[in-house]
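Engineer: The structure that follows is given in the form of structure tokens.
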Amino acid sequence: MLDVLTKLPEHFGIKKNGKSSDSDALEKLCADLISSSPAKMIQVICSLKNILADSTLIFPVLSDFVGFCSSYEVLERIALNEEAFKGTKIVICQNEIPVSTTKRALQLGRAAGAKTIYSPAPCPSREDFETFSEQIDFLIANQTEALELSGKETIEDAATTLQEKYKLKSVIVTLGGDGFAVKSEGELTLHPVVEKVDVVDTTGAGDSFVGAFSYSLTKTQKTTIEHAKFASMVASRSTTRKGTQKSYFCLSELE
């Protein structure tokens, strides 16, 4: 690893304060690393990001290199393959990455036997959603996203339309302090929040819900509603603390 890093400036024939413009050589180096070892490529990217955090060690070429490696095209070649998804139990996607990446990840997840979850945040266009909707098992959306994605005016109509039109196993719509709705196996049910709390900050509650739902799916044999109830409890508790990730409870705190 260190050999790769120390030889980068020499590879491009530059000095510490120089500037790389040799994009062809840069691409070749990346291609060589990818073809020789995808795992090594990921390690190199992570190592370079750590080095770039130290301003006294920055080489302009390293910044160029990380920028190239971090492009979705390169990362897809590294991570989006059948080998990378072997043994995967859950695949979660949302709409902050390219649609092509989402579609490929969901396809590979399905092929590996994983359960697939999609959170439409931010809400995609219906045209984009239709390109990968057949790969989704569980759609977890908030009220605004569900109404926008379905084109309907009520939660009942939105959940029903999304589940039936796109042939999804289950649609779960989170309703904040009003609980959640589940459309699964032909039946629509509304559920109050599992645990009433004094809300401090709702930021990140939706992600907390998705994460807890996914955990429950892998650990217990329950109905979709029971998984959602556990997720509702975890998400509610996350709102009692300020922040996003730092507001999330550890499992030991929930037991």
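Engineer: Given points 7 Å out from each Cα along the Cα-Cβ axis, report the Thr88 to Gln143 separation in nanometres with one decimal.
Structural biologist: So the two model labels end up 3.3 nm from each other.
Engineer: Each residue of the range 118-135 in order: what ³J(HN,Hα) in whole Hz does its phi give by Karplus 6.51 cos²θ - 1.76 cosθ + 1.60, θ = phi - 60°, with x for Gly and Pro?
Structural biologist: 10, 10, x, 10, x, 4, x, 5, 5, 5, 5, 4, 5, 6, 9, 4, 5, 8
Engineer: What is the gain in length, in nm to one decimal, between Asp198 and Lys152 on full extension, counting 0.36 nm per residue of separation less the C-alpha to C-alpha distance?
Structural biologist: 13.4 nm
Engineer: Please list 3J(HN,Hα) in residue order for the range 238-249, calculated via the Karplus relation 6.51 cos²θ - 1.76 cosθ + 1.60 where θ = phi - 60°; whole Hz, with x for glycine and proline.
Structural biologist: Coupling constants for the range 238-249: 5, 7, 8, 10, 7, x, 9, 4, 6, 8, 6, 7 Hz.
Engineer: Excluding Glu134 itself, what net charge comes from residues whose Cβ is under 15 Å from its Cβ, given Lys and Arg +1 and Asp and Glu -1?
Structural biologist: On the way: positive: Lys103, Arg104, Arg110, Lys115, Arg126, Lys165, Lys167, Lys169; negative: Glu127, Asp128, Glu130, Asp137, Glu164.
The answer is +3.
Engineer: Along the Cα→Cβ direction, 7 angstrom out, place labels at Glu96 and Glu253. What is the inter-label distance in nm?
Structural biologist: 2.0 nm
Engineer: Give me a comma-separated list of calculated 3J(HN,Hα) values for the range 213-223, in order, Karplus coefficients 6.51, -1.76, 1.60 applied at θ = phi - 60°, integers in Hz, x for any Gly or Pro.
Structural biologist: Here the 3J(HN,Hα) series is 4, 5, 4, 4, 4, 7, 9, 9, 9, 10, 6 Hz.
Engineer: In the range 163-252, what trypsin sites (Lys or Arg not before Pro) fall in a loop by DSSP, with at most 16 other Cβ atoms inside 10 Å?
Structural biologist: For trypsin sites (Lys or Arg not before Pro) across the range 163-252 that sit outside H, G, I, E and B with at most 16 neighbouring Cβ atoms in 10 Å, the list reads Lys167, Lys169, Lys196, Lys222, Arg241, Lys242.
Engineer: Turning to a different aspect of this structure: Given H placed 1.01 Å from N in the peptide plane, which residues other than close sequence neighbours of Ile90 have an amide H under 5 Å from its amide H?
Structural biologist: Lys115
Engineer: Could you tell me which of the pairs Lys103/Lys167; Lys196/Lys242; Lys115/Lys183; Lys183/Lys222; Lys115/Lys169; Lys86/Lys229 are separated by over 19 angstrom between their Cα atoms in the structure shown?
Structural biologist: Lys86/Lys229
Engineer: Return an integer: the convex hull volume of the alpha-carbon atoms of the range 116-225, in Å³ per residue.
Structural biologist: Dividing the Cα hull volume of the range 116-225 by its residues yields 103 Å³.
All of the numbers you see were taken from the coordinates with simple rules; none came from a lab. This structure is a prediction, so every number in the text was calculated from the model and none was measured. Don't worry about glycine lacking a Cβ; one is built from the backbone with ideal geometry, like all the others, and counts go over all protein chains shown.
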